[in-house]
């Protein structure tokens with residue numbers, strides 16, 4: 001039995017720099033699963049958002065909302081959710097960014113658009129939340145060396161990490177594995193990935209934790 005026999009639809013989530021897309025690609029390659037990836041590079045407002053968040057937060061958020069909704073619609077129409085699939089974004093979490101970055105009037109507009117879309121999203125069979133300390137996020141964002149990401153203030157990453165933590169410690173819509181991602185170097189350490197897969201196979205409850213100790 002593989003992790004996708006147990007959990008056919010898996011979502012990996014975490015703040016920018018947490019390694020969610022890397023993990024998605026590794027697991028997809030390992031198990032020949034279908035992949036649903038957020039295409040941040042296609043958002044023309046994102047680089048400007050990191051330079052002037054108050055001005056560009058709303059168009060950035062709306063672009064991502066429609067992009068994600070369209071990706072999910074396409075998969076639903078192709079009936080792909082009945083097959084093994086792994087994604088690096090989660091539409092239910094989308095309002096988290098809106099609450100963090102929009103003022104009251106903008107957030108009200110966003111909520112109307114979010115409700116109007118009425119995208120029927122299948123519930124994940126498992127959400128893997130990569131809970132990552134701010135220092136690690138800063139280091140990994142710097143290592144990625146994407147030009148516009150170098151504009152991201154540390155304070156914003158700290159607020160984002162706190163918002164993610166609060167959301168996924170309260171979320172109960174699907175089973176959640178909360179991973180202490182401080183020392184879990186999945187990008188270069190095969191042992192880390194092996195330990196995570198073993199832990200996924202051991203999941204029995206709705207909310208579990210993985211705190212690997214490599215000392």
(request) Let me know the shape class of the chain, please: from the alpha-carbon gyration tensor, a ≥ b ≥ c as square roots of the eigenvalues, rounded when a/c is under 1.5, otherwise prolate if a/b is greater than b/c, or oblate. (result) oblate
(request) Provide, for q = 0.15, 0.29 Å⁻¹, the log10 of I(q)/I(0) from a solvent-free Debye sum over equal Cα point scatterers in segment 130-188. (result) -0.52, -1.22
(message) Given the DSSP H assignment, sum -39500 (n - 2.57) over each helix run of at least 4 residues in the chain and divide by its residue total; what's the result at 222 nm in deg cm²/dmol, nearest 500?
(response) -16000 deg cm²/dmol
(request) Would you please put 202-210, 107-115, 52-60 in order of how densely packed they are, using the mean number of other Cβ atoms within 10 angstrom per residue and starting with the highest? (result) 52-60, 107-115, 202-210
(request) Show me 28-36, 140-148 ranked by packing, highest mean number of other Cβ atoms within 10 Å first. (result) 28-36, 140-148
(request) Subtracting the Cα-Cα distance from 0.36 nm times the residue separation, let me have the gained length for residue 190 to residue 78 in nm, one decimal. (result) 37.0 nm
(message) Give me the one-decimal nm value for the distance between modelled label points at residue 197 and residue 30, 7 Å along each residue's Cα-to-Cβ direction.
(response) 0.4
(message) Could you tell me the center-to-center distance, by alpha carbons, between segment 25-45 and segment 110-176 in angstrom?
(response) 15
(request) With a ≥ b ≥ c taken as the square roots of the eigenvalues of the C-alpha gyration tensor of segment 90-215, please select rounded if a/c is under 1.5 and otherwise prolate if a/b is larger than b/c or oblate if it is not? (result) oblate
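Only the coordinates and a few stated rules stand behind these numbers; no lab work does. Computed from a predicted structure; not experimentally measured. Don't worry about glycine lacking a Cβ; one is built from the backbone with ideal geometry, like all the others, and counts go over all protein chains shown.
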